[in-house]
Amino acid sequence: MNTVQIVAASVCALIFIVFVILSIVANRMLNSTFVPSSPLWKKLDLGDGDRENASEEEKEVFDKVDAVKRFADCWLGNTPHEDLWIESFDGLKLHGLLFKSAGSHRYAIVVHGYRGRLRETSVYGMTYHKSNFNVLLPENRASGMSEGKFVSMGAFEKKDVVRWIEKILEIDSEAEIFLHGESLGAATVMMTLGENLPENVKAATADCGYTSIWEEFCYLLKDAMHKPVFPLLYLSDFYSKIRFGFGFKKTSSIRAVKKSRTPLLILHGGKDKIVPTSMAKKIYVATASKKDWFIMPGADHCQSVIVDTDVYWAKVQEFLSRVV
């Protein structure tokens, strides 16, 4: 073997080693992001923000968050409800709670966010319930009592929402259905609008939803963590398709709302540090159906309903009354 061949072999070996290392890192990233049973998932602590170093204004919001969550917990635990179950397209048993409102044919399906729980959606559910809505709070796949080995950031959750819609129509064929979601739940709701939905679905509200998994991860890597997108995100996308069956670019709210006929209200926090506010504008521009949007000044990720509860629900009620 001559010198050129030795150098070539060494370069190939080095490239292979780098590829293997990056592949391991990419799969660890997938485990920490998508697989709740993984120890890496548990180590990824997103937290609720830095309360110790918060400004007085931010501390006031934290106190409001705690108060509203306690009130929502009380409503959740003391309001009569029933357990509902559906089977997903891929054979998972999914759980939800239905809070009935006597004599009403209006239903609100409220979809929780990433690593979310019923506690988060009950914040919205209790207000809908007061307004004479039947309220369904589903637990996303791989969350709560619902089965599933991984979270798909809306790729498969959108199909689950379609099944929940079908479940409601089995219960009440005259149902008028409204969708509401926060964060991942908002993206899921928007992706659901791209499906072939029955006319019973009247409108949707998306609070702090992202344009696509790809753009969201690009933002988190480049702007929030100051790390390069290439090659890690490309490899993660590649392995996600192999392991989970969905890619980051095609799991897109933008693609869905471009073909949606369902009226959409887009809400977003003006100081969102997790999903940039600029994504709300992109989604609004892309939406083909009746639409409106509102940016809550001073609100961080999914805090609009806390920062100014009255304004938040006034926007929702005004939009629903206008488009339905």
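Please sort 68-77, 104-113, 143-152 by packing, taking for each peptide the average over its residues of neighbouring beta carbons within 10 angstrom, highest first.
104-113, 143-152, 68-77
Of all DSSP beta bridges located in the range 44-201, what percent are antiparallel, nearest 5?
About 50 percent, rounded to the nearest 5.
Cα gyration tensor of the range 175-324, axes a ≥ b ≥ c as square roots of the eigenvalues: rounded (a/c below 1.5), prolate (a/b > b/c) or oblate?
Cα axes put the range 175-324 in the oblate bin.
Which residue fluctuates the most in the chain, going by a Gaussian network model with Cα springs under 10 Å, if the choices are THR287, THR205, THR33?
THR33
When we measure straight from the Cα of LYS130, which lysines land under 18 angstrom away, once same-chain ones fewer than 8 places off are left out?
Answer for LYS130, where 18 Å is the Cα cut-off: LYS69, LYS100, LYS315, listed by chain and number.
Run the numbers on the chain and let me know its relative contact order in percent, using alpha-carbon pairs under 8 Å that are six or more apart.
14 percent
Full extension from VAL7 to GLU170: what is 0.36 nm times the residue separation minus their Cα-Cα distance, to one decimal in nm?
Contour length minus Cα-Cα distance gives 51.9 nm.
Based on the alpha-carbon gyration tensor of the range 82-134 and its eigenvalue square roots a ≥ b ≥ c, which shape applies: rounded if a/c is under 1.5, prolate if not and a/b is larger than b/c, or oblate?
oblate
Output the antiparallel fraction of DSSP beta bridges having both residues in the chain, as a percent to the nearest 5.
Percentage antiparallel, nearest 5: 30.
Average projected area of the Cα convex hull of the chain, in nm²?
19.3 nm²
Suppose only helical runs count, i.e. DSSP H with n ≥ 4. What mean residue ellipticity at 222 nm does that imply for the chain under -39500 (n - 2.57) per run, divided by all residues and rounded to the nearest 500 deg cm²/dmol?
Dividing the helical sum by the residues of the chain leaves -14500 deg cm²/dmol.
When the chain is treated as a GNM, springs tying every alpha-carbon pair under 10 Å, which of ASP207, ASP300, ASP90 comes out with the largest mean-square fluctuation?
In this elastic network of the chain, the residue with the biggest mean-square fluctuation among ASP207, ASP300, ASP90 is ASP90.
For a quick check, take a GNM of the chain with Cα springs below 10 Å and name the residue from GLU57, GLU182, GLU157 with the largest mean-square fluctuation.
GLU57
For PHE62 and SER104, FRET efficiency with R0 = 45 Å and r from the beta-carbon atoms, rounded to 0.05?
So, using R0 = 45 Å, E works out to roughly 0.80.
Read-outs throughout are calculated quantities, based only on the coordinates presented, and are distinct from any laboratory measurement. Fair warning: this is a prediction, and the values are worked out from it, not measured in the lab. Here Cβ is always computed from backbone atoms with ideal geometry, including for glycine, and neighbour counts include all displayed protein chains.
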